[in-house]
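Q: One structure, as structure tokens, below. Some questions next.
Read the figures in this text as sums done on the coordinates, not as results from a lab. Given the structure is predicted, the values throughout are model-derived calculations rather than measurements. With ideal geometry, Cβ positions are generated from the backbone for all residues, glycine too; neighbour counts draw on all protein chains shown.
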Amino acid sequence: MSANEIDLKPLKTWSHLAKNRRRPTEYEIVSTNLLWSTDDDAPWAMGPSVPLSRWYIEYRNSSPLRHEDWDGFRDPDQLVYRTYNMIQDGQESHVDGLLADHSGNDHDAGLSPEWVATLARFYTPGKYLLHTVQMAAAYLAALSPASTIENCFIFESGDQLRWVSRVSYRTAELRAAHPEREFGGQERRVWEDDGAWQGFRELMERTLVTWDWAEQFVVLNLVAKPAVDAALLRSLSTVAQQNGDTLLALLCRAQLIDSDRTDRWSEALLAYALESAEHGDRNRELVRGWFERWAPLADAAVEAYCGALSPTLDHARLVRELAAHRESLLTRTPVPH
């Protein structure tokens with residue numbers, strides 16, 4: 001065989017994974033190097049002057065957060081569509097069981113009037129907040145610089161949409177048990193006007209118009225979403241348990257399973273950016289600046305919500321814990337290159 005014949009030999013399937021010198025995993029096969037719109041000059045192969053191309057050039061390709069190889073990122077859980085559906089099928093069965101069991105025991109009818117009023121103010125309007133997180137995650141799925149990052153945002157968006165549906169389902173159940181509270185008819189008004197929600201409303205409305213993919217990722221998953229989880233899931237779960245609402249407490253704990261998975265890959269992606277051989281130090285200072293810019297909004301949102309929810313909640317401690325966690329993300333020892 002001549003040298004020319006060797007050079008012209010076609011590449012094998014998954015040739016971009018050949019350097020691993022082993023058979024690729026399912027995750028690697030269906031998740032890596034799948035984006036074809038990453039050209040710096042014309043992302044959508046329609047010319048750089050096309051509005052869609054200009055958007056991607058400005059808010060993805062020209063993002064100040066840089067890495068020499070975004071395609072090298074790997075989801076710590078290595079989720080693919082098949083395994084995600086298997087996991088969430090089990091999760092949905094668990095939640096269905098919780099709802100059926102508590103409904104069969106007339107759980108909602110046994111709630112105190114005071115707690116029913118609390119649910120109408122602090123729980124059922126939460127579908128709007130969860131939907132803002134879902135919309136932001138969907139935008140980031142579209143703007144991600146690598147398919148392994150895109151997939152993570154797709155699964156995050158799916159998680160949030162599932163919980164929007166669950167809160168809506170619970171709203172209908174509570175309306176049937178307590179029609180005097182107008183469940184299903186007052187949530188938008190509460191979300192738009194009640195002081196307890198205005199911190200989160202401002203935080204998420206500003207997040208949704210932060211077009212740069214990297215800044216919105218940092219704001220959404222490393223600042224805003226941890227604050228949402230601390231208030232709407234952990235704090236509300238604690239107060240629900242104190243008021244005999246075991247169903248809501250268990251639903252919050254089930255939702256935290258999804259949030260914990262999002263935290264894992266988000267922190268891994270940040271670490272990947274900070275460990276960049278070429279851009280790590282600059283990325284660290286950039287993210288620190290984003291934390292400093294956005295943390296006051298998130299902290300104010302937690303204080304407003306938790307302060308109104310219950311006088312027993314130490315929202316100052318929650319804010320300190322969130323700040324300490326953000327700092328720990330920036331000061332972890334980098335992996336040697």
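Q: Which of LEU269, ALA295, ALA249 sits closest to the plus end of the dipole of the chain, meaning its Cα is farthest towards the positive end, when Lys and Arg get +1 and Asp and Glu get -1 on the C-beta?
A: It is LEU269.
Q: Report the calculated FRET efficiency for LEU52 and SER103 (r = Cβ-Cβ distance, R0 = 45 Å), to the nearest 0.05. Provide the component values of the computation, followed by the final result.
A: Working: r = 47 Å, r/R0 = 1.04.
The computed FRET efficiency comes out at 0.45.
Q: Sticking with this one: Run the numbers for HIS325 and ARG282: contour at 0.36 nm per residue of separation, minus the present Cα-Cα distance, in nm.
A: Working: separation 43, 0.36 × 43 = 15.48 nm, distance 2.04 nm.
Extending this stretch completely gives an extra 13.4 nm.
Q: Moving on. If you average the sequence gap of Cα pairs under 8 Å that are 6 or more apart and divide by the length of the chain, what percent do you get for the contact order?
A: 21 percent
Q: How high is the FRET efficiency from ARG317 to GLN78, r the C-beta distance, R0 45 Å, rounded to 0.05? Walk me through the intermediate numbers first.
A: Working: r = 35 Å, r/R0 = 0.78.
Approximately 0.80, to the nearest 0.05.
Q: Test of understanding: given the chain, find the longest segment containing no trypsin sites (Lys or Arg not before Pro) that are in a DSSP loop and have at most 13 other Cβ atoms within 10 Å. Spell out each step's value before the answer.
A: On the way: sites that count: LYS12, ARG21, ARG22, ARG332.
Segment 23-331 is the longest.
Q: Now a separate question. What does the charge dipole of segment 191-266 about its Cα centre add up to, to the nearest 20 debye, if the Cβ of each Lys and Arg holds +1 and the Cβ of each Asp and Glu holds -1?
A: Numbers: 7 positive and 12 negative charges, 70 e Å.
About 340 debye.
Q: If a paramagnetic tag sat 7 Å from the Cα of SER112 along the Cα-Cβ line, which residues of segment 212-253 would have the backbone N under 18 Å from that point?
A: Backbone N within reach: 236-249.
Q: Here is a further query. How would segment 92-164 be classified by its alpha-carbon gyration tensor: rounded, prolate or oblate, with rounded meaning a/c under 1.5 and the a/b versus b/c comparison settling the rest? Walk me through the numbers on the way to the answer.
A: Working: a/c = 6.42, a/b = 2.09, b/c = 3.08.
It comes out oblate by the Cα gyration axes.
Q: Relative to the Cα centre, what is the charge dipole magnitude of segment 141-249, using +1 at the beta carbon of each Lys and Arg, -1 at the beta carbon of each Asp and Glu, and rounding to the nearest 20 debye?
A: In total the dipole reaches around 260 debye.
Q: How high is the FRET efficiency between ASP193 and ARG23 when r is their beta carbon distance and R₀ equals 41 Å, given to the nearest 0.05?
A: The formula returns an efficiency of 0.10 here.
Q: Between ARG253 and THR238, what is the label-to-label distance in nm when each label sits 7 Å out along the Cα-to-Cβ direction?
A: 1.6 nm
Q: Neighbouring Cβ atoms within 10 Å as the yardstick, rank TRP211, TRP290 fewest first.
A: TRP211, TRP290
Q: Okay, helix-only estimate at 222 nm for the chain: each DSSP H run of n ≥ 4 adds -39500 (n - 2.57), divide by all residues, round to 500 deg cm²/dmol; what do you get? Show your work: numbers first, answer last.
A: Numbers: 15 runs with 213 residues, N = 337.
Computed mean residue ellipticity for the chain: -20500 deg cm²/dmol.
Q: Which residues does a label at SER93 reach in segment 140-157, if reach means a backbone N under 20 Å from a point 7 Å past the Cα toward the Cβ?
A: The answer is none.
Q: Please state the relative contact order of segment 36-88 as a whole percent: Cα pairs under 8 Å, 6+ residues apart?
A: 20 percent
Q: In which sequence would CYS306, CYS152 go, from the one with the fewest C-beta neighbours within 10 Å to the one with the most?
A: Working: CYS306 27, CYS152 30.
Sorted ascending by nearby Cβ count, the order is CYS306, CYS152.
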